[in-house]
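> Okay, handing you the structure first.
The values are calculated or read from the model by the stated rules, or taken from the named source; none is laboratory data. Small disclaimer: the values here were computed from a predicted structure and weren't measured. Note: ideal-geometry Cβ built from the backbone for every residue, glycine included; neighbour counts use all protein chains shown. Keep in mind that these areas ignore ligands, DNA and RNA; they rest on the heavy atoms of the full protein, side chains included. Shrake-Rupley method; radii C 1.70, N 1.55, O 1.52, S 1.80 Å.
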Amino acid sequence: MIPSLMTSTNLTVEENAATGANAIEARGLTKIYASQGGAPAKHALKSIDLDIPRGSIFGLLGPNGAGKSTFINILAGLVKKTGGTARIWGFDIDKNPRKSRVSIGVVPQELSIDPFFTPFDLLDLHAGMYGVPKAERRTAEILSVLGLADKAHAYARTLSGGMRRRLLVAKAMVHSPPILVLDEPTAGVDVELRQQLWDYVRTLNALGATIVLTTHYLEEAEAMCDRIAIINHGQVIACEPTPQLLARISDKRLVITPAHLVAMVPESLTSLNVERLGDGRLAVQYNPADTPVMMLLDRFKEAGIQIADISTEESDLEDVFLQLTSK
Ligand code: ADP
């Protein structure tokens, strides 16, 4: 463990005192991309209010085109906002652009790494670009945290895809920003590597980094994030701790395997909206708060159905997402 790795960018306590508990605060953040060559103006962010707590692994979830990159790029100083305010680690991005920018490290999606640099040289060069004095550079530490110590002096072109991604994370860490933003970190990455990356992200968080993760993989947000904001059409449509978000859909699904062929759903069960599946099983959506599962099973028995097996399914983030975005 390297507990000192993620510290607050050489900021003094006074500079940081007013920041409260949030790593990022956005108020009324708005972006309209001007019309271009016949394409109409695009209202990409519609007055976003968002608080990202310090120390969290925060998921920014939404379909393609929702506005996630626009939000991140405004914070990173790459896109100019149309309106609203944003504070990064307490620093207003307009009033304190330099300090707000060094408080955040953004890991881009694309794997663009100069193939003729070694990871060590690349990080050292990047630290120089951020003005980190030689004595304060932590190149070897960072490479070690990301499992790249033994590749420190290998040409980048010899690194595997997973190592390249980790090197990009390392690159975003050279100036020790307290906030790391990972833009779609596992897009197009295989399952094994995805697990590995998740482990590294958890390690960085345990070392003190606030992590912001954009993703359109629901599974990823569910597995990684302690808090999730769902963005759709440039608006935040939900922002809650992950378990609370999942609990918003209380419906469960009961699937019954009859002990005998049930060709049609019995008349007496139509009020329950029982669905007969292609394989002959019967499924019913229910809310455990209103309808105890035992009552449902009794209704099936009363309708003359003998039950060979039952299973119930919880709703997952996919259900929440579909429910919220279909509104
Ligand atoms: P996401 O990252 O969630 O996929 P983006 O922030 O990239 O979403 O895009 C949000 C909306 O803004 C989309 O409709 C996109 O087409 C539009 N957009 C993004 N960048 C530009 C740009 N440079 N010029 C015009 N429209 C843009």
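> Of all residues in the stretch 141-158, which are open to solvent by 10 Å² or more (accessible area, probe 1.4 Å) and touching a residue at least 40 places away in the same chain (Cβ under 8 Å)?
Across the stretch 141-158, the qualifying residues are E141, S144, V145, G147, Y155, R157.
> I'm trying to understand the selection: among the residues of the stretch 69-95, which are assigned to a strand (DSSP E or B), touching a Leu at 6+ places or on another chain (Cβ under 9 Å) and crowded, with 19+ Cβ neighbours inside 10 Å?
So in the stretch 69-95, the residues assigned to a strand (DSSP E or B) come out as 83-88, 91-92.
In the following step, the residues that additionally are touching a Leu at 6+ places or on another chain (Cβ under 9 Å) were identified as 83-86, 88, 91.
Listed by number, the residues that qualify are A86, I88, F91.
> When you go through K46, K95, K68, K81 one by one, which is the residue that is of a type in the set (K, R) and within 21 Å of V201 (Cβ to Cβ)?
Of the residues listed, the single one that is of a type in the set (K, R) and within 21 Å of V201 (Cβ to Cβ) is K68.
The rows are residues; the columns are (1) in a strand (DSSP E or B); (2) more than 28 Å from F116 (Cα to Cα); (3) in contact with a strand residue (DSSP E or B) (Cβ under 6 Å, 6 or more places away or on another chain).
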position: R157; (1), (2), (3): no, no, no
position: P177; (1), (2), (3): no, no, yes
position: P185; (1), (2), (3): no, no, no
position: R194; (1), (2), (3): no, no, no
position: I211; (1), (2), (3): yes, yes, yes
position: T214; (1), (2), (3): yes, yes, yes
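> Something else: Please enumerate the residues belonging to the stretch 124-153 that are part of a loop (DSSP other than H, G, I, E, B) and of a type outside the set (G, A, S).
Y130, V132, P133, R137, R138, L146, L148, H153
> Let me ask another. If I filter the stretch 248-286 down to residues being open to solvent by 70 Å² or more (accessible area, probe 1.4 Å) and under 30 Å from G59 (Cβ atoms), which single residue comes out as modelled with the highest pLDDT?
Looking at residues that are open to solvent by 70 Å² or more (accessible area, probe 1.4 Å) and under 30 Å from G59 (Cβ atoms), I get Q285.
> Please enumerate the residues belonging to the stretch 209-247 that are surrounded by fewer than 19 Cβ atoms within 10 Å (Cβ to Cβ), of a type in the set (A, V, I, L, M) and either more than 27 Å from M173 (Cβ to Cβ) or outside the structural domain of G55 (by TED's automatic domain parsing) (or both).
Within the stretch 209-247, I237, A238, L246, A247 meet the criteria.
> For R101, which of the numbered conditions (1) among the basic types (K, R); (2) touching a residue at least 60 places away in the same chain (Cβ under 8 Å); (3) crowded, with 20+ Cβ neighbours inside 10 Å; (4) in a helix (DSSP H, G or I) fails to hold?
The failed condition is (2).
> Another question, then. Looking only at the stretch 36-68, count every residue that is surrounded by 20 or more Cβ atoms within 10 Å (Cβ to Cβ) and near the ligand (Cβ under 7 Å from one of its atoms) and tell me the total.
5
> Looking at the structure I just gave you, is R27 more than 16 Å from the ligand (Cβ to nearest atom), charged (D, E, K, R), part of a strand (DSSP E or B) and surrounded by 22 or more Cβ atoms within 10 Å (Cβ to Cβ)?
Answer is no for this residue.
> How many residues does the stretch 287-322 hold that are assigned to a helix (DSSP H, G or I) and surrounded by 14 or more Cβ atoms within 10 Å (Cβ to Cβ)?
Here the count works out to 9.
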